[in-house]
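The values are calculated or read from the model by the stated rules, or taken from the named source; none is laboratory data. Remember, it's a predicted structure, so these values are computed and weren't measured experimentally. Neighbour counts run over all protein chains shown; Cβ positions are idealised from the backbone, glycine included. Each accessible area value is taken on the protein alone, full model and side chains, heavy atoms only, with ligands, DNA and RNA left out. Shrake-Rupley method; radii C 1.70, N 1.55, O 1.52, S 1.80 Å.
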Amino acid sequence: MIVSRRALLQTGAAAIAWPGLRSLALAADSAAADTLVVVFLRGGCDGLSLLAPTNDPDYVADRGPDLRVRDDGAKPGRPVRQNCAPTVDFRLHPEAAPLGDIYDQRHLALLHATGLMNGTRSHFVAQDLMDRGLSDSAGLHGGGMDGWLTRLLRIHPSAAPAIATRPSLPASLGFHGASLAIPDLRSGLTLPGGPTVKPTLAALYRAASDPFGRAAAETLTEMDLVDLHLPRGADGKVADYRPENAAVYEETESGRAFRTVAQLLKMEIGLTVACVDIDGWDHHDNLAGRFSGLAGQFSRALAAFWNDAARYHDRLTVVVMTEFGRRLRTNKSNGADHGHGGVMMVLGGKVNGGEIYGRWPGLASADLDNGVDLAVTTDYRGVLAEVLTARFAAGHALGQIFPGFTPGRPMGLARA
């Protein structure tokens, strides 16, 4: 992967606000530390398609047979046993069936009716709030603009490295200097302009005393550590990555992202946080077709990653989230507009899976938010807080990581 000068400068500029910069070389000493993978399905994933209440009379009445997950027919949903709402036949979308086996193995927990307690239906506002670990829009205008993962890494002793699998860092890692944007590793981690550019920049910034110069030098050191840990052939080229346990990564956004995380995890450089953003979930039209394709790609990629990373299961936790769900009633374009409650997932070797957590509010008109959307009964921060408490011993710092949030009674999602 070639890192642009702009991307390098963006990473360096973010590091100016990070007073405790540490090289990835130090992080290599904590290679056995836990790894958190945060997956954001951007665009507003339809939770009523991903995890459908197939026998709910309001679901059946308000979504036509071609726009809902069914419990019969040629491609029924994948049933999941649960105690959240015993009378409801919840099923994963048929294209998400690869996740059903992990659920049955009790490594995958599902949460319905999750999201922001704020009622916004704006992509920009909702994503910004979640990236910052907030619920109230007023918080976006006060204090620092760092992300919730930045705050986690600030208090966690194994604070680096952190990576994102797209060309730029998400706002959840805002103002965290010890982070790299790495969409792909098949060509290494280099700068444009040839092999002389990196040593030239390193010499330029080596003696720098200003914050930006020091940050740029740190970024180059981090890039070197990742690049030098990549297996190479006799010709010096990066060797082909070979997944384990017959895992297959498709050439899709999801496949490439999870393959990159798997590579970095196995390099044993102390990967603490990885951010995976999957775009394209804003299905205002052709919901059935578009959702099926994207859900299949995502589910197969996540299942491949889980199989590939089998020897890391006990130190690996994956959280899947989205900014909001879609409306119960579909529109005239056979799509669904912005809704409220959505679905989250938590996957890991120390996750108490095989269950749907949270409270199912139902889909009767009187139970819907504003009479049109699945209500939110579980604050997304409560899910994240449980994971951070169990896996990172961060219970004492939840008020710092999620300003203004007061944790409720734990649901028992994960264990230390």
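Below is a table of values for the structure above.
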| read-out | value |
| --- | --- |
| Size of charge dipole - the stretch 188-240 - debye, nearest 20, with Cβ of Lys, Arg +1 and Asp, Glu -1, no other charges | 140 |
| For the chain, size of Cβ-based charge dipole, Lys and Arg +1, Asp and Glu -1, in debye | 580 |
| With Cα atoms, 0 to 90° folded angle of helix 5-15 axis to the chain main axis | 80 |
| Heavy-atom accessible area per residue - the chain, 1.4 Å, Å² | 39 |
| Set of aspartates and glutamates near LYS75 by C-alpha distance (under 14 Å), chain-local residues within fewer than 8 positions excluded | ASP66, GLU95 |
| For the chain: span of alpha carbons on each principal axis (Å, largest first) | 68, 49, 41 |
| Centre separation in Å (Cα based) which lies between the stretch 44-77 and the stretch 151-224 | 44 |
| Cα centroid separation - the stretch 373-416 against the stretch 234-296, whole Å | 26 |
| Gain on full stretching of the segment that runs from GLU251 to ALA138 - 0.36 nm per residue minus C-alpha separation | 36.6 nm |
| The stretch 188-240, relative contact order [Cα under 8 Å, separation at least 6], % | 34 |
| Pair ARG415, SER333: separation of 7 Å Cα→Cβ label points (nm) | 4.8 |
| Dipole axis of the chain (+1 Lys, Arg; -1 Asp, Glu on Cβ), positive-most option in ASN286, GLY348, LEU265 | LEU265 |
| Kirkwood Rh and Cα Rg combined as Rg over Rh, evaluated for the stretch 185-338 | 1.08 |
| The chain - percent relative contact order, Cα under 8 Å, separation 6 or more | 30 |
| Per residue, the convex hull volume that the Cα atoms of the stretch 188-240 enclose (Å³) | 81 |
| Qualifying aspartates and glutamates (Cα of each under 18 Å from Cα of LYS266; at least 8 residues distant if same chain) | ASP29, ASP34, ASP184, GLU222, ASP224, ASP227, ASP240, GLU244, ASP308, ASP314 |
| Hz values of 3J(HN,Hα) by residue in the stretch 391-397 - Karplus curve (6.51, -1.76, 1.60), Gly and Pro given as x | 9, 10, 6, 9, x, 6, 10 |
| Rg to Rh quotient for the stretch 271-416, alpha carbon positions, Kirkwood Rh | 0.99 |
